[in-house]
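Each remark here refers to the structure printed beneath this line.
The values are calculated or read from the model by the stated rules, or taken from the named source; none is laboratory data. Predicted model, so just to flag it, every value in this text is computed and none were measured. Ideal geometry is used to build each Cβ from the backbone, glycine not excepted, and the neighbour counts take in all protein chains shown. We work out accessible area using only protein heavy atoms, side chains counted, and drop any ligands, DNA or RNA first. Shrake-Rupley method; radii C 1.70, N 1.55, O 1.52, S 1.80 Å.
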Amino acid sequence: MAEVIDKPDTAVDLPDMASEDTLALTTTNNNTEVAAPAEKKVKKIIRRKKRPARAQVDPATVKSEPPAQTGTTFNIWYNKWAGGDKEDSAMSQTHAKGRCNIALDSGYTKADGHPGAFFCLYFARGVCHKGQDCDYLHRLPGTYDIFPQNVDCFGRDKFSDYRDDMGGVGSFSRQNRTIYVGRIHVSDDIEEIVARHFAEWGPIERIRVLSNRGIAFVTYRDLANAEFAKEAMAWQSLEGNEILNLRWSLPDPNPMAQKREARRIEEQAAEAIRKALPAEFVAEIEGKDPEARKRRKIESGYGLEGYEAPDEVHFARGPNAVNPRGREGFELEHEQRLMLEAAEQEMLQEQQYDQQPQQQEEEQKGGILSSSTLAALQGARVAVASKPAPKAAAGPLVAYDSDSD
């Protein structure tokens, strides 16, 4: 045991009794007190489980009914109506049976464990009675929810022309993100009202309201959000008792709109390329990395002071590239091609060397001209026809040379 010296205001360590939680001995007024070991604080991470999807309507009230007529021709193969260009007058005057509330109705379903699952059409319309037992997704589409071009986000097949079903799935010929909204009750703050109601279904890129005609055009940033919003706001109301008429918009003939759409497609392609390439390479190309910019300036000089090679020279790839990185992978192919060319030249030389003795023997046998030349000359012989001899003159004046005689 180590001795404890009683001195006022002193502390003594006990090395022989050291453990994980060291006991500190303190003396105050000749009384030794042992401090309790400090308690370790353990942080508890509470993970809230995602809530299940809520049933939007009572299952007991659901009745099995044939699909409502949304077109002019019923397709028995797909069990739906086609030719939706002419809408049903009765349905267009009837208010929707329900409306989706994303804050209350969204949650996990059976489809969350299956990648590539489609969204629930009845959930978008606010009338799904299955809740968490539904085989489709009960949430808003996101940026990374991308589906094949021939189907929409609900898994329905599209048509080749918008005229076939402008009020339904639309066409697969082009990517349409603009919705036509009709039958709007015009007010002073109609633009704000339209923006507030349609912003529930995803990020909006542009809204255009024509107050004199009571219509609006809403363009979403993503196609899946536009498809979801079209079904969610069909036959709904904004602030009054109107019944909205939602359809897909026709292509905008405005040249500025066409340029804007082309620029958006280019930006999407550039973003996809950025994601596919390494971050360091993208930063170097775009000039966002200062160190990479300095390194590029040194490397692209190629030993010449004050010279910087352009991008098409510095980043060129091939066997003749100036940058050594651009020749990687092409050197072996270039060497193999050179070897093949050298082998072909050797074969041609050997053939010419073998043909020389034969030509010399033929020239010796045929004299000055070779056998091939003689054969060509013999084949080119042409028979020349001789001229006929003039006939001898006959008559009494044969001896006269001319009239003067």
- Message: Quick test of your reading of the structure: residue 114 fulfils all but one of (1) of a type outside the set (D, E, K, R); (2) open to solvent by 30 Å² or more (accessible area, probe 1.4 Å); (3) touching a strand residue (DSSP E or B) at 6+ places or on another chain (Cβ under 6 Å). Name the failing condition by number.
- Response: (3)
- Task: Enumerate the strands (runs of 3 or more DSSP E) found wholly within the range 170-236, keeping only those where 3 or more residues are buried (at least 19 other Cβ atoms within 10 Å of the Cβ).
- Result: 178-182, 215-220
- Query: Is there any pair linking a residue in the range 263-292 that is closer than 21 Å to residue 325 by Cα to one that is assigned to a loop (DSSP other than H, G, I, E, B) and open to solvent by less than 100 Å² (accessible area, probe 1.4 Å), with Cβ under 9 Å and at least six apart or on different chains, and which?
  - Reply: 280/289; 283/289; 285/277; 285/315
- Message: Can you find, within the range 265-301, the residue that is least open to solvent (accessible area, probe 1.4 Å) among those that are of a type in the set (Gly, Ala, Ser) and either touching a Pro at 6+ places or on another chain (Cβ under 7 Å) or within 30 Å of residue 174 (Cα to Cα) (or both)?
- Response: 270
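Taking the range 99-143, which residues are of a type in the set (S, T, N, Q) and within 14 Å of residue 50 (Cβ to Cβ)?
Initially, the range 99-143 is screened for residues of a type in the set (S, T, N, Q), giving 101, 106, 109, 132, 143.
Result: 106, 109, 132.
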- Task: Quick one: which residue in 123, 154, 147 is outside any loop (DSSP other than H, G, I, E, B), among the hydrophobic types (A, V, I, L, M, F, W, C) and touching a residue at least 12 places away in the same chain (Cβ under 8 Å)?
- Result: 123
- Query: Take the residues of the range 238-248 that are in contact with a helix residue (DSSP H, G or I) (Cβ under 9 Å, 6 or more places away or on another chain) and surrounded by fewer than 18 Cβ atoms within 10 Å (Cβ to Cβ): which is farthest from residue 97 (Cα to Cα)?
  - Reply: 239
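Hey, among 316, 342, which residue is farther than 17 Å from residue 280 by Cβ and either of a type outside the set (Gly, Ala, Ser) or exposed (fewer than 11 other Cβ atoms within 10 Å of the Cβ) (or both)?
Working: 316 fails: either of a type outside the set (Gly, Ala, Ser) or exposed (fewer than 11 other Cβ atoms within 10 Å of the Cβ) (or both).
Answer to the check: 342.
Of the residues in the range 178-201, how many are touching a helix residue (DSSP H, G or I) at 6+ places or on another chain (Cβ under 8 Å), under 19 Å from residue 235 (Cα atoms) and touching a residue at least 40 places away in the same chain (Cβ under 8 Å)?
First pass over the range 178-201, keeping only residues touching a helix residue (DSSP H, G or I) at 6+ places or on another chain (Cβ under 8 Å): 178-179, 181, 184, 187, 198, 200-201.
Then drop every residue that is not under 19 Å from residue 235 (Cα atoms), which leaves 178-179, 181, 184, 198, 200-201.
From what's left, touching a residue at least 40 places away in the same chain (Cβ under 8 Å): 178-179, 181, 184, 200-201.
Summing the residues that are touching a helix residue (DSSP H, G or I) at 6+ places or on another chain (Cβ under 8 Å), under 19 Å from residue 235 (Cα atoms) and touching a residue at least 40 places away in the same chain (Cβ under 8 Å) in the range 178-201 gives 6.
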